[in-house]
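Here, each number is a calculation from the coordinates, and none is a lab measurement. Source: prediction; values computed, not measured. For neighbour counting, all protein chains shown are included, and Cβ atoms are generated from backbone atoms with ideal geometry for every residue, glycine included.
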Amino acid sequence: MTRAIHVSALALAAALVLLLAGCNGDPAPENDTAEPDAGVEEETPDDPLTEGLQAHVEERYDDAIAAYEQVLEEDPENHLALYNLGLVEQTQGNTADAEDYYRQALEIEPEYVPALFNLAILRTAEDDHDEAVELYTRVTEVDPEHAGAHLNLGFAYLAQENPEAAEEAFNRAVELNPEFQDRLPE
């Protein structure tokens, strides 16, 4: 069971957004990821999820991992802890482990956009454009306003040599975020 975090944790989450790319932010097709997520509203003392987020922000990844694992000891179905473990692993370059954690989170919460989005990024990096298209499409179905997913979907379609679908995805991305115009291929 997740516990709610207080305003200070919300400030922590805001700091995370500034440190890492946001879900609807300005993602590069290969590198940016969604931010760590507490998914809760009020802080409780000694909350391992909050402790993990704090350690994550401070780039104390071993402490973050330990805290997220503690959450999973108490609640093995906690998709937020699994997602955040994936994000730590991805940040450290352990993409296979990151992918495993994202997939576990999605088994519990199949429409969890940050895990879908980050998994799509990993699949793109592995040149698995078919799965990347499937994942980015799922993101856009769950969150039609996710400009970064539309943008990355366009690049995945280009990699599949599907320029018509790419153009449609790029147009939607630019409609949602005009700054993406500068990121489109010539």
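Dividing the convex hull volume of the alpha carbon atoms of the range 37-151 by its residue count gives 104 Å³ per residue. The residue list Gln70, Val139, Gln160 was ranked by how far each Cα lies along the charge dipole of the range 38-186 toward its positive end, using unit charges on Cβ atoms, and Gln160 comes out on top. Each of Phe170, Phe180, Phe117 was scored by other Cβ atoms within 10 Å of its Cβ. Arranged with the fewest first, they read Phe180, Phe170, Phe117.
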